[in-house]
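Colleague: Sharing a structure with you now.
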Amino acid sequence: GAGVSQSPSNKVTEKGKDVELRCDPISGHTALYWYRQSLGQGLEFLIYFQGNSAPDKSGLPSDRFSAERTGGSVSTLTIQRTQQEDSAVYLCASSLVKGGEYGYTFGSGTRLTVV
Amino acid sequence: SQKIEQNSEALNIQEGKTATLTCNYTNYSPAYLQWYRQDPGRGPVFLLLIRENEKEKRKERLKVTFDTTLKQSLFHITASQPADSATYLCALMVPDYGQNFVFGPGTRLSVLP
């Protein structure tokens, strides 16, 4: 597609439920990144994919968070047993080359609200 | 770990003036530094990248400088317009410490007509 597509755009879930967030990067972009942005906060790095492998998972806040990428394209971020502190905007970005020398292209994000 | 500060949470300037935003970092010297614009409810949009061996980069009304001695980048918008009102984020990457960019907290710029 022309841009990075994320779905759903908004998700309200009950505490303790599992959620899946989807990212469809720009075709041909080998690198994919997940960040989250809490209200009034900067972007917090979660995980980076190069192709289907995730060489850097250092930002995942707990073992309740996992992500996968298949076919070098679509990625899903899964949060199990959601907590209220998980409420944030989850942003996905892709870049043509590793390291994003030519800039990241971000999606519009998924706003997750845990009630 | 890398710490990034941006000069102020919010900056108000008059239309037509030059806006100058500051990004300061500590500890490590990044190989690349980027600037992004973010509008409410949207993801950040890439504006400019500057490499550690570059002093200055320009794009239309935008200018970025990178001083590795001061550990600082300045972002200028000349002849500012109300449409330039947004949050501006700086981001840097140190390849030895990962392949992701670390983002600053952002500065919210308001250009008043």
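The values are calculated or read from the model by the stated rules, or taken from the named source; none is laboratory data. Fair warning: this is a prediction, and the values are worked out from it, not measured in the lab. Reconstructed Cβ throughout: ideal geometry from the backbone, glycine too, with neighbour counts over all protein chains shown. Areas reflect the complete protein model, heavy atoms only, side chains present, ligands, DNA and RNA absent. Shrake-Rupley method; radii C 1.70, N 1.55, O 1.52, S 1.80 Å.
Colleague: List pairs: first in segment A:73-99 and in a helix (DSSP H, G or I), second modelled with pLDDT of 95 or more, Cβ under 6 Å, 6+ apart or cross-chain?
Modeller: A:Gln84/A:Val114; A:Asp86/A:Ile79; A:Asp86/A:Val114
Colleague: Okay, moving on. Restricting to segment A:45-67, give me the number of residues that are surrounded by 14 or more Cβ atoms within 10 Å (Cβ to Cβ) and among the small types (Gly, Ala, Ser).
Modeller: 5
Colleague: Looking at segment B:81-113, which of the residues that are aromatic (Phe, Trp, Tyr) and part of a strand (DSSP E or B) is farthest from B:Leu21 (Cα to Cα)? Spell out the reasoning first.
Modeller: Quick first cut of segment B:81-113, residues aromatic (Phe, Trp, Tyr) only: B:88, B:97, B:101, B:103.
Applying the additional criterion that residues be part of a strand (DSSP E or B) yields B:88, B:103.
On the way: B:Tyr88: 8, B:Phe103: 15 Å.
Per the stated criteria, the residue is B:Phe103.
Colleague: Could you list, in sequence order, the residues of segment A:47-77 that are more than 11 Å from the chain's Cα centre (by Cα) and either away from chain B (no Cβ under 14 Å) or among the acidic types (Asp, Glu) (or both)?
Modeller: A:Asn52, A:Asp56, A:Pro61, A:Ser62, A:Asp63, A:Arg64, A:Thr70, A:Gly71, A:Gly72, A:Ser73
Colleague: So which of B:Lys55, B:Lys59, B:Lys63 is among the charged types (D, E, K, R) and at pLDDT 95 or above? Steps first, answer last, please.
Modeller: Working: B:Lys55 fails: at pLDDT 95 or above; B:Lys59 fails: at pLDDT 95 or above.
Within the list B:Lys55, B:Lys59, B:Lys63, the selection yields B:Lys63.
Colleague: Return the pair list, or none, for Cβ contacts closer than 6 Å from residues in segment B:74-95 that are farther than 14 Å from B:Lys59 by Cα and away from chain A (no Cβ under 14 Å) to residues that are small (Gly, Ala, Ser) and open to solvent by 30 Å² or more (accessible area, probe 1.4 Å), at least 6 apart or on different chains.
Modeller: Once the first residue is farther than 14 Å from B:Lys59 by Cα and away from chain A (no Cβ under 14 Å) and sits in segment B:74-95, its partners that are small (Gly, Ala, Ser) and open to solvent by 30 Å² or more (accessible area, probe 1.4 Å) give B:Ser85/B:Ser110.
Colleague: When segment B:25-41 is examined, which residues are found to be surrounded by 15 or more Cβ atoms within 10 Å (Cβ to Cβ) and either within 14 Å of chain A (Cβ to nearest Cβ) or out of contact with any strand residue (DSSP E or B) (no Cβ under 9 Å at 6 or more places or on another chain) (or both)? Talk me through it step by step, then tell me what you get.
Modeller: Narrowing segment B:25-41 to residues surrounded by 15 or more Cβ atoms within 10 Å (Cβ to Cβ): B:25, B:28, B:30-38.
Within segment B:25-41, B:Tyr25, B:Pro30, B:Ala31, B:Tyr32, B:Leu33, B:Gln34, B:Trp35, B:Tyr36, B:Arg37, B:Gln38 qualify.
Colleague: Can you tell me how many residues in segment A:71-84 are surrounded by fewer than 19 Cβ atoms within 10 Å (Cβ to Cβ) and at pLDDT 95 or above? Reasoning before the result, please.
Modeller: Step one: of segment A:71-84, the residues surrounded by fewer than 19 Cβ atoms within 10 Å (Cβ to Cβ) are A:71-74, A:76, A:78, A:80-81, A:83-84.
Restricting the remaining residues to those that are at pLDDT 95 or above gives A:74, A:76, A:78, A:80-81, A:83-84.
Counting residues in segment A:71-84 that are surrounded by fewer than 19 Cβ atoms within 10 Å (Cβ to Cβ) and at pLDDT 95 or above gives 7.
Here is a yes/no grid of residues against (1) open to solvent by 20 Å² or more (accessible area, probe 1.4 Å); (2) touching a Cys at 6+ places or on another chain (Cβ under 8 Å); (3) at pLDDT 90 or above; (4) acidic (Asp, Glu):
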| position | (1), (2), (3), (4) |
| --- | --- |
| A:Asp24 | yes, no, yes, yes |
| A:Leu43 | no, no, yes, no |
| A:Arg69 | no, no, yes, no |
| A:Val89 | yes, no, yes, no |
